[in-house]
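Some notes on the structure that comes next.
The values are calculated or read from the model by the stated rules, or taken from the named source; none is laboratory data. Being a predicted model, the structure only gives us computed values, none of them experimental. A quick note on method: Cβ atoms are made from the backbone with ideal geometry, for glycine too, and the neighbour counts reach across all protein chains shown. Surface accessibility is based on the protein's heavy atoms, side chains included, excluding ligands, DNA and RNA. Shrake-Rupley method; radii C 1.70, N 1.55, O 1.52, S 1.80 Å.
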Amino acid sequence: MVLHKPTPIDENPLRLEDVEEPSPGRGEVLIRVRACGVCRTDLHIVEGELKPIKLPVIPGHQVVGVIEEIGEGVEAVKKGDRVGVPWLYWACGSCKYCRRGLENLCDNALFTGYSVDGGYAEYMVAKADYVHPIPSEYDDYHAAPLLCGGAIGYRALRLTGLLERGEGALGLFGFGSSAHMILQVAVNKGLEVYVFTRSRRKMEYALKLGASWAGHTTEEPPRKLDAAIVFAPASWVMVEALKKVDKGGRVVLAEIYMTPVERLDYSLLWLEREIKTVANVTRRDVREFLVEAARAGVKPDITLYSLEEANKALYELKYGEVKGSSVLKIG
């Protein structure tokens, strides 16, 4: 599915086309794609909220498939391995961020389905050092959402500081693909989780998954939060999170895009409250989360679509018609 020009998803901008099968170069592998998760970042790319880097481009960065061919110099993986390809396609390894272990902030990074062609396709090429083995506990379709929604949520969870403490009240604002997986990990780690969403159906779903409480985004929870993660791309939700966080608490913004903040009262930040953003993921984030997800028994709730239905999948994601994660069934 190819994007030629950023366009509202209502106009079905992705086109099904025959393209030349890619060939792996040195240090690369050719992957036969079996499944690809549908992410809100894909929607931001398709609709142009993220400035285009490459056009035309094949979106998709939650890719699960089997290696069909390896390029020269590849030793870490072999033909027949089942692997995943996440958002971080490649980092330079030499800039000041990479040297500090922050390859997610690399000045020269490439991103799957954005800087390079991604997984809304039957085949794709990936860097061998940036693919990840898929745990045997997961089939292709349930594994796909772990690679971005799960991994970015896990990085956000780490940045709250609550995992190090091993206790505390965590708020999740927005309850889609990422949040429904991170809730399961957080509960397994002993945290109290409070879910904020405008959907009554999602409130009930959160409670079923182990949330201590679920309510409307503007409601007051039974107690102040020690930290919060905002998954919604709306700045007013961030403000609501700040209102509910206790002294010294941290609000982590897990979106790659957010609407402009029109007003922020300093009193919401006073008493050493913090706001921190999450930018991309590292290979460590992905690999740790895959292990933690399997250990916690995390099972994404998925809705399957065919490759040809990619526009439909993104449309239903935009308008809140999907519970859990959307996945394209390809191979």
Going through (1) on the phi < 0 side of the Ramachandran plot; (2) of a type in the set (Gly, Ala, Ser); (3) in contact (Cβ under 8 Å) with a residue 40 or more places away in the chain one by one, residue 174 fails only at (1)
Out of curiosity, is residue 206 assigned to a strand (DSSP E or B), crowded, with 20+ Cβ neighbours inside 10 Å and not aromatic (Phe, Trp, Tyr)? no
Being closer than 20 Å to residue 152 by Cα, assigned to a helix (DSSP H, G or I) and among the aromatic types (Phe, Trp, Tyr) is the filter here; which residues of region 227-251 pass it? none
Go through region 16-52 residue by residue and tally those that are in contact (Cβ under 8 Å) with a residue 40 or more places away in the chain and of a type in the set (Asp, Glu). 5
Yes or no: residue 91 more than 26 Å from residue 219 (Cα to Cα), crowded, with 24+ Cβ neighbours inside 10 Å, of a type in the set (A, V, I, L, M) and without any contact (Cβ under 8 Å) to a residue 40 or more places away in the chain? yes
What pairs come up if the first residue lies in region 252-265 and is modelled with pLDDT of 85 or more and of a type in the set (Val, Ile, Thr), the second is part of a loop (DSSP other than H, G, I, E, B) and surrounded by 13 or more Cβ atoms within 10 Å (Cβ to Cβ), and their beta carbons are under 7 Å apart, counting only those six or more places apart or on different chains? 252/278; 259/233; 259/234
Restricting to region 163-181, name every residue that is at pLDDT 95 or above and buried (at least 24 other Cβ atoms within 10 Å of the Cβ). 170, 171, 172, 173
Go through region 122-194 and tell me which helices (runs of 4 or more DSSP H), entirely inside it, have 3 or more residues that are polar (S, T, N, Q). 177-188
Lone unmet requirement of (1) open to solvent by 50 Å² or more (accessible area, probe 1.4 Å); (2) assigned to a loop (DSSP other than H, G, I, E, B); (3) of a type in the set (Val, Ile, Thr) for residue 322: (1)
With at pLDDT below 95 and more than 24 Å from residue 293 (Cα to Cα) as the only criterion, which of 30, 50, 110, 105 stands out? 50
Could you please find all residues in region 297-316 being in contact with a helix residue (DSSP H, G or I) (Cβ under 7 Å, 6 or more places away or on another chain) and open to solvent by 30 Å² or more (accessible area, probe 1.4 Å)? 299, 301, 302, 304, 315
By residue number, the members of region 46-85 that are open to solvent by 20 Å² or more (accessible area, probe 1.4 Å), outside any loop (DSSP other than H, G, I, E, B) and closer than 14 Å to residue 3 by Cα are 47
For residues that are over 26 Å from residue 18 (Cα atoms) and open to solvent by less than 10 Å² (accessible area, probe 1.4 Å), tally how many sit in region 121-144. 2
In this structure, is residue 227 buried (at least 20 other Cβ atoms within 10 Å of the Cβ), among the small types (Gly, Ala, Ser), at pLDDT below 95 and within 29 Å of residue 200 (Cα to Cα)? no
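Residues checked against (1) of a type in the set (A, V, I, L, M); (2) touching an Asp or Glu at 6+ places or on another chain (Cβ under 8 Å); (3) under 29 Å from residue 49 (Cβ atoms):
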position	(1), (2), (3)
213	no, no, no
218	no, yes, yes
226	no, yes, no
229	yes, no, yes
233	no, yes, yes
249	no, yes, yes
254	yes, no, yes
263	no, no, yes
267	no, no, no
